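The structure appears right after this line, and notes come after that.
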Amino acid sequence: MARAFLVVMDSVGIGGAPDAGRFFNRDLPDQGANTLAHIAQACAEGRAEEGRSGPLHLPNLDALGLGAAARLASVQAVPGLNAEPTGLWGCAAEESPGKDTPSGHWELAGLPVPWDWRYFPETVPAFEADLVAHICDKAGTSAILGNCHASGTDIIEQHGAEHLEGGLPICYTSADSVFQIAAHEERFGLARLLELCEAVAPYLHQMKVGRVIARPFVGSVKEGFTRTTNRRDFAIKPPAPILNDWVQAAGGKVHAIGKIGDIFTMQGVDTLKKGSDSELMQHLSDAVKHAEEGSLTFANFVEFDSLYGHRRDISGYARALEWFDAEIGKILPRLRGGDVMILTADHGNDPSWPGTDHTREQVPVLVGGAGQGTIGARAFADVAASVAAHLGLQDRGPGLSFL
C-alpha cells in the first residue's frame, strides 16, 4: 500500500493569480504581488541581509521544481532558482472567493468554499452592537476593548495595560474573515479565553465568519507583552466530506501536524501534533518514519505567514524559507517506495506588498516520490484528487488527479 504526505508552506505564493485584481491590500489590488519572486529579488539585491546573506538559497525545493513552477505562474524574475527540475512540478490557482487559510485548505482538501465569507468593515467600531452584546454576555463583562481592525502584536501593546486593569477582552479583526480575542493568560485566564471563544464561535459561524481565534499573551506593562503558542482557532466545520474523511472511510489514518486540526475542526483527524515550526518539522520527520500504510499526513507550517508575511519582514521570510529547504532536504530522501510528498501553499503573503493582508496568488505544487516532469497549471482541488488517486480512494471530489 501507499502513504501520502501533504505539506502546506503557509503563504508561499508564486504570483500570477488570474483574478488577483479583485482582491486588495488597503486600496491596492493584488495584481503584481508575488511572495517568492519579491523575496528572491530582495535577496539578490542585498535587501534581505538580517540574519542571512546573499541570493535566496533553496536547492532542495528548486530541484523539485520550485523555480520552474514560479516561472510557469508568473513572468516575474525569481533570481537564484534556476535548477532543472528532478521532481514533478506545477502551479495551482484557487477557485474559492477568498485568500484566507480556511478557503485555501478546504479547497486543497477537495472542497471549494460554497459561500462568500463575512468580512468586517475597516471602521471604528468594526463590530455591530448585537455582536458586541453577545460577546459581553458570554464573557461576563460590560464592554470589550479594541473593536477594530488591528495587528495582533500592536493591539495588545495598545490595550494591554487597560486589559490588565479591568479584565475586558480585546476583540479585533483583520482583512480575513476572522474574529480574534486576545487576553492575558493569567489576568483573564487561558481556560476562560478558550471557553469564551468556543462559546461565541457558533454565533459568528452563523454570520459566515470563518474563524474565531483565541490569542493569549503574557507579560506586563513594564516588561512588555508577548503572544504565546497557546493560540487556538475555532473554524466553521466543512459542510461536506473532505480528503480526511475519504481516507478514513477507506480505513486509513489521518495524522494532522500544525494548524490542520483547527482548520478542519478536527474533522477526519486521528492524531494531532502542534508546536513551533521547528517542532512540527520533527513531527513530520517522525511521520515519515512511522506512519502506517494507507495513511495521510497533512501538515501546515504557519510561521512563514504568521511571523514574517503579515509583519512584512523580508529577511525573516527568506531565513524561514532557507531553513525549511534545508530541513525538508533531509526528509525527502527518507520517503519509502510508494510514498508521495506534495508540497504546496494555501495563498500568498508578499512581505514587500503594502498593507498586512494575504495576497491572492497561485501556489507551487511540488511532488517528491512520483517521478519527474510538469503537471502544468492546475486547480487547488486537483491536489486532493491526486492524493486520493495515489491512495486508491474512490472519493476524489471535483478535482482531476495529476498522479
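Summary of values
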item	result
Region 362-390, subset in a strand (DSSP E or B) and among the hydrophobic types (A, V, I, L, M, F, W, C), residue surrounded by the most Cβ atoms within 10 Å (Cβ to Cβ)	V363
Near pairs, Cβ below 6 angstrom, 6+ apart or cross-chain, from region 351-373 (without any contact (Cβ under 8 Å) to a residue 40 or more places away in the chain) to any residue that is among the β-branched types (V, I, T)	G369/V340
Answer from I213, I170 - the residue that is of a type in the set (V, I, T), without any contact (Cβ under 8 Å) to a residue 60 or more places away in the chain and within 14 Å of T141 (Cα to Cα)	I170
Lone qualifier among A33, A17, A70, A37 - being in contact (Cβ under 8 Å) with a residue 60 or more places away in the chain, buried (at least 24 other Cβ atoms within 10 Å of the Cβ) and over 18 Å from the mean Cα position of the chain (by Cα)	A70
Enumeration of residues in region 176-195 that are in a helix (DSSP H, G or I) and under 13 Å from G160 (Cα atoms)	E185, E186, R187, F188
Residue satisfying all of: in region 20-30; touching a residue at least 40 places away in the same chain (Cβ under 8 Å) and not hydrophobic (A, V, I, L, M, F, W, C); surrounded by the most Cβ atoms within 10 Å (Cβ to Cβ) among these	D30
The listed residue being closer than 20 Å to T101 by Cα, in contact with a helix residue (DSSP H, G or I) (Cβ under 7 Å, 6 or more places away or on another chain) and buried (at least 22 other Cβ atoms within 10 Å of the Cβ), out of R232, R211	R211
Matching helices (runs of 4 or more DSSP H) fully within region 1-101 where at least 1 residues are charged (D, E, K, R)	59-64, 66-73
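Only the coordinates and a few stated rules stand behind these numbers; no lab work does. Computed from a predicted model, the values in this text were never measured in an experiment. Methodologically, a virtual Cβ is constructed for each residue, glycine included, from the backbone with ideal geometry; neighbour enumeration extends over all protein chains shown.
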